[in-house]
Amino acid sequence: MQIRDVVFIALFAAIVAALGVFPPITLPVVAVPITAQSLGVMLAGGVLGAKRGGLALVLFLALVAIGLPLLSGGRGGFGVFLGPTGGYLVGWAIAAFIIGYLTERFWTRLNYVLAFAICFAGAVVVLYAIGIPWSAYVAKIPVSTAFAGSAPFIPGDIVKCLIAAAVIVVVKRSYPIITSKA
């Protein structure tokens with residue numbers, strides 16, 4: 001790994017932390033807040049690729065685990081991984097990796113629509129597949145209830161996918177960091 005890679009990883013961990021400044025909106029059904037930080041997950045994977053994007057989120061989550069209040073609302077510490085948001089937090093690193101992998105795979109023909117689909121697949125489908133069962137387990141509610149409680153997040157996540165797709169395509173054209181793996 002080159003110094004440039006380490007700098008990109010640290011930079012995107014910092015971007016995810018900076019997106020935590022926006023105040024969270026907590027929904028009453030499920031104790032998982034709506035935050036801007038999932039946008040950082042999409043950007044890390046889509047701009048840096050699988051390895052660097054996943055590592056950026058691993059670094060961010062390690063900093064959260066040691067107690068830095070980097071999550072939206074000033075939360076931090078290992079305890080947040082044991083709460084209802086724990087599955088989503090762990091899912092961030094996996095989602096960034098998958099978004100990065102798909103972006104690398106389709107790099108040569110990546111356009112706005114494909115970038116949106118990749119962000120949606122990684123940051124909505126994969127993330128919800130990990131986060132919803134964890135929330136249901138921790139809250140001791142049926143998975144169907146946790147899924148219904150997560151449904152209001154989807155419109156906001158779609159908006160974040162639209163924003164991330166635009167940024168990913170612009171970065172690809174102006175300063176490509178990823179190389180094609182196809």
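Worth pointing out:
- Ser144 being more than 14 Å from the chain's Cα centre (by Cα), polar (S, T, N, Q) and farther than 18 Å from Ile25 by Cα: yes
- Scanning the range 126-134 turns up at least one residue that is surrounded by 21 or more Cβ atoms within 10 Å (Cβ to Cβ) and among the hydroxyl-bearing types (Ser, Thr, Tyr).
- For the range 118-140, residues that are out of contact with any helix residue (DSSP H, G or I) (no Cβ under 8 Å at 6 or more places or on another chain) and of a type in the set (Val, Ile, Thr) total 1.
- Looking across the range 114-148, the residues that are under 19 Å from Val80 (Cα atoms) and of a type in the set (Gly, Ala, Ser) come down to Ala129, Gly131, Ser135, Ala136, Ala139, Ala146.
- Restricting the range 150-175 to residues that are outside any helix (DSSP H, G or I) and without any contact (Cβ under 8 Å) to a residue 24 or more places away in the chain, the residue that is least open to solvent (accessible area, probe 1.4 Å): Ala151
- Of all residues making up the range 1-34, the number that are at pLDDT 80 or above and touching a Phe, Trp or Tyr at 6+ places or on another chain (Cβ under 7 Å): 3
- Phe60 being among the aromatic types (Phe, Trp, Tyr) and either at pLDDT below 95 or open to solvent by 30 Å² or more (accessible area, probe 1.4 Å) (or both): no
- For the range 77-100, the count of residues that are more than 22 Å from Ile34 (Cβ to Cβ) and not in a helix (DSSP H, G or I) is zero.
- A single member of Gly91, Gly45 is in contact (Cβ under 8 Å) with a residue 60 or more places away in the chain and surrounded by 24 or more Cβ atoms within 10 Å (Cβ to Cβ), and it is Gly45.
- Checked against (1) under 16 Å from Gln37 (Cβ atoms); (2) at pLDDT 95 or above, Pro133 passes all but a single condition, namely (1).
- In the range 140-149, of all residues being of a type outside the set (Phe, Trp, Tyr) and without any contact (Cβ under 8 Å) to a residue 40 or more places away in the chain, the one that is least open to solvent (accessible area, probe 1.4 Å) corresponds to Ile141.
- Matching entry among Thr145, Thr103 (being at pLDDT 95 or above and of a type in the set (S, T, N, Q)): Thr103
- All of Ala151, Ala115 fail the test of being among the aliphatic types (A, V, I, L, M) and in contact with a helix residue (DSSP H, G or I) (Cβ under 8 Å, 6 or more places away or on another chain), apart from Ala115.
The values are calculated or read from the model by the stated rules, or taken from the named source; none is laboratory data. All values derive from a computational prediction rather than experimental measurement. Glycine gets a Cβ as well: all are built from the backbone with ideal geometry, and neighbour counts include every protein chain shown. Heads up: the accessible areas ignore ligands, DNA and RNA and are worked out on the full protein's heavy atoms, side chains in. Shrake-Rupley method; radii C 1.70, N 1.55, O 1.52, S 1.80 Å.
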